1. Show which aspartates and glutamates lie in cross-link reach of Lys20 when reach means a straight Cα distance below 17 angstrom and same-chain residues fewer than eight apart are skipped.
2. With contacts defined as alpha carbon pairs under 8 Å and 6 or more residues apart, what's the relative contact order of segment 246-354 in percent?
3. Per residue, how big is the convex hull of the chain when only Cα atoms are used? Give it in Å³.
4. If you roll a 1.4 angstrom probe over the protein chains with everything in place, what fraction of the accessible area of segment 79-215 belongs to carbon and sulfur, to the nearest %?
5. Distance check, please: which entries in Lys317/Lys343; Lys6/Lys115; Lys263/Lys316; Lys241/Lys317; Lys262/Lys383 exceed 23 angstrom between their Cα atoms?
6. Can you list the aspartates and glutamates whose alpha carbon sits under 14 Å from that of Lys289, skipping same-chain ones fewer than 8 residues off?
7. Give the Rg/Rh ratio for segment 1-154, taking Rg as the radius of gyration of the Cα atoms and Rh as the Kirkwood radius, to two decimals.
8. Just tell me which aspartates and glutamates come within less than 18 Å, Cα to Cα, of Lys143; anything on the same chain fewer than 8 places away is out.
Amino acid sequence: MNLTGKKIVLGITGGIAAYKSAEVVSRLRHAGAEVHVIMTENATKFVAPLTFQTLSANPVITDTFAAPEYWNVKHVALAQLADVFVIAPATANILAKMATGIADDMLSTTVLATKAPVLVAPAMNTGMWTAEATVQNTETLRKRGVHFVGPDSGILACGDKGAGRMSEPETIVEAISDILNRKKDLAGLKVLVTAGATRERLDPVRFLTNDSSGKMGFALAEAARDRGAETTLVKGSTTAKIPDGIRIIEIESAADLLRTMKKECCTQDVVIQAAAVADYRVENPSATKIKKKKGEPLVITLAENPDIAQAVGTMKKNGQTLVGFAAETDHVLEHAAEKLTAKNLDMIVANDVTKPGAGFNTDTNIATLITGNGAEELPIMRKRQLADIILDRITEIRNS
């Protein structure tokens with residue numbers, strides 16, 4: 001990671017996670033960045049400003065009205081200086097100030113004045129993170145283009161368990177690097193990504209589905225958007241946060257997805273099929289809720305769903321790039337290689353969903369990228385990192 005010459009303003013607010021920000025500064029400095037720290041008054045009660053002054057090798061700003069080291073308006077100078085403006089930890093209070101335009105201290109004043117990309121790493125109690133006010137403020141900031149990293153889930157400082165932990169310093173620095181070193185190599189291209197699980201109705205209240213969260217597809221859609229593509233996300237059932245700045249088409253069943261793909265694919269330059277599509281559907285779903293019958297077994301007849309990836313492959317146009325996914329539990333590479341040919345794909349992403357850290361409902365994945373030229377085995381990594389590697393390989397295919 002090379003951030004040489006990049007100027008980063010890091011805002012630190014009053015939360016117990018403030019101690020983690022010391023490592024953020026250290027990592028940024030080791031990557032070659034110039035770091036300027038702004039601390040709120042409450043933040044100084046958790047970590048002394050001297051800590052960040054030593055790590056950043058720059059004065060730490062805590063007071064809007066302190067005499068400037070040089071003759072400038074400090075909040076304006078820092079706002080203009082920043083290549084990226086980061087707030088970690090970001091409390092519910094600072095998110096509310098940013099959403100409503102309140103500027104009553106050095107940090108809120110400076111972030112309001114900046115034109116640089118803004119990245120926030122929220123950290124707070126689960127109840128505060130899920131409170132309606134915070135949810136609305138977060139949505140407002142996302143719509144304005146503010147970037148978010150985290151929060152993660154786990155044991156919180158208060159003893160509760162849930163979402164609200166600030167992301168780890170390594171993850172925050174990776175997010176900063178992504179913003180600063182973002183490619184625009186997909187500008188002018190149309191990219192369609194499918195994500196999430198399909199649902200096949202048994203009756204009006206029950207359905208057959210799978211464990212897909214949509215995280216891999218969402219990561220791909222976000223990465224394509226950030227690299228300049230006009231991005232469409234076709235999503236089934238998902239638990240991940242829907243990304244902003246992307247055209248969304250919602251589907252439920254495999255039949256819905258097939259209809260959508262037939263309509264949409266002809267206009268796309270790249271189609272990435274990451275959705276977990278049901279292989280079977282209920283042959284005769286009930287129009288009313290099925291009732292138990294005195295202990296008698298329920299017999300359901302399943303019918304095979306159409307192969308959507310194969311259908312898309314038959315519609316492939318000149319210059320179009322098709323990418324599929326193969327989530328397998330055995331003979332992973334063999335099964336994936338067969339699908340590569342059968343479905344007329346340019347690349348298939350294979351992963352063994354039985355491996356820890358891979359597959360459904362994880363933030364990481366372990367994948368092998370297979371093309372007609374061979375297989376590239378990748379180590380465990382975050383899904384957003386894998387998404388960018390996949391897009392790198394797509395670009396190479398298109399340029400070859």
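The values are calculated or read from the model by the stated rules, or taken from the named source; none is laboratory data. Bear in mind the structure is a predicted one, so any value in this text is a computation, not a measurement. Side chains are part of the model used for accessible areas, which takes the heavy atoms of the whole protein and leaves out ligands, DNA and RNA. Shrake-Rupley method; radii C 1.70, N 1.55, O 1.52, S 1.80 Å.
1. Asp152, Glu168, Glu170, Glu174
2. Values: 128 pairs, mean separation 29.0, N = 109.
About 27 percent, as a whole number.
3. Details: hull volume 67.7 nm³, N = 400.
Output value, Cα hull per residue: 169 Å³.
4. 49 percent
5. From the list (Lys317/Lys343; Lys6/Lys115; Lys263/Lys316; Lys241/Lys317; Lys262/Lys383), the Cα-Cα distance tops 23 Å for Lys241/Lys317; Lys262/Lys383.
6. Of all the aspartates and glutamates, those that pass the test against Lys289 - Cα under 14 Å, at least 8 places apart if same chain - are Asp203.
7. 0.94
8. Glu132, Glu222, Asp226, Glu230, Asp244
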